[in-house]
Amino acid sequence: MATKPTHEQAQLQLQLFEQRREARLRQARDWFFKNYFVENLDDAMRIAAPGTEGGTFAMMVFTYWEQACALLNHGLLHEDLFFETTGEFFGVWELAKPAIPQLRDQWKNKQFLAHLEKTAQRFEAWVEGRSPGHVATMREFMKQMRGKTAKAA
């Protein structure tokens, strides 16, 4: 983006950061990155079925990042500032995406996490233009973390 962030965009981004610090959402984010390893819909329902604590945590993480990404996609946040200061949404998308096509089909909602997906795609192009190889390195790191978490369980 060729423009500098506006004061309003910076303020909104700071408000999003403050929301991330809320205790229950921090707990949900911690749970998510330690537990949400899915390959398909069956895994998602086993790990985070609706009505379970895991389901609540997963939806808290999903909806937080979906809202943040919607603000970005609608131009209310500054893309460079957003991408320069957070990458967690990309990790959420990477963990969620294997089950998303089946979830969208089951719930008859083609828009489920569509803002998160669009932002992750934009981020991938953005970061690779600035730091080639970063996405592959992060994917490998997440794969290794998944293996370590599975062994510890």
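The values are calculated or read from the model by the stated rules, or taken from the named source; none is laboratory data. All values reported here derive from a predicted model rather than from experimental measurement. Methodologically, a virtual Cβ is constructed for each residue, glycine included, from the backbone with ideal geometry; neighbour enumeration extends over all protein chains shown. SASA here: full protein model, heavy atoms, side chains in, ligands and nucleic acids out. Shrake-Rupley method; radii C 1.70, N 1.55, O 1.52, S 1.80 Å.
Averaged over residues, the count of other Cβ atoms within 10 Å places the peptides 23-35, 3-15, 65-77 in the sequence 65-77, 23-35, 3-15, highest first. If you fit an axis through the alpha-carbon atoms of helix 114-130 and take the longest principal axis of the Cα set of the chain, what angle between them do you get, 0 to 90°, nearest 10? So the helix axis and the longest Cα principal axis differ by about 60 degrees. Here's how it looks for T6: its modeled amide H is under 5 Å from none belonging to a residue 5 or more places away or on a different chain. Extending 7 Å from the Cα toward the beta-carbon at both Q11 and T137 defines two label points whose distance is 3.7 nm. Remark: region 29-41, residue by residue, has Karplus-estimated 3J(HN,Hα) of 5, 4, 4, 4, 6, 9, 10, 8, 10, 10, 10, 6, 4 Hz, where x stands for each Gly or Pro and the curve is 6.51 cos²θ - 1.76 cosθ + 1.60 at θ = phi - 60°. Among the listed options [x] 51, 35, 29; [y] 45, 32, 31; [z] 52, 30, 25, the one matching Cα extents along the principal axes in Å as calculated from these coordinates is [y].
What's the center-to-center distance, using Cα atoms, between region 19-76 and region 96-143 in Å? If you average the Cα positions of each part, the centres end up 14 Å apart. Each residue of region 54-62 was assigned a 3J(HN,Hα) from its phi angle through the Karplus curve 6.51 cos²θ - 1.76 cosθ + 1.60 (θ = phi - 60°); the sequence is x, x, 5, 4, 4, 5, 4, 5, 4 Hz, with glycine and proline shown as x.
At 1.4 Å probe radius, can you tell me the per residue accessible area of region 4-113 in Å²?
On the way: 5880 Å² over 110 residues.
Computed with neighbouring chains in place, this is 53 Å² per residue.
In this structure, the pairs whose alpha-carbon distance is over 31 Å, taken from K4/K34; K4/K108; K4/K118; K118/K143, are K4/K34; K4/K108.
Give the peptides 39-47, 55-63, 110-118 in descending order of average Cβ contacts within 10 Å, highest first.
On the way: 39-47: 14.8, 55-63: 18.7, 110-118: 17.1.
Those peptides, ordered most packed to least, come out 55-63, 110-118, 39-47.
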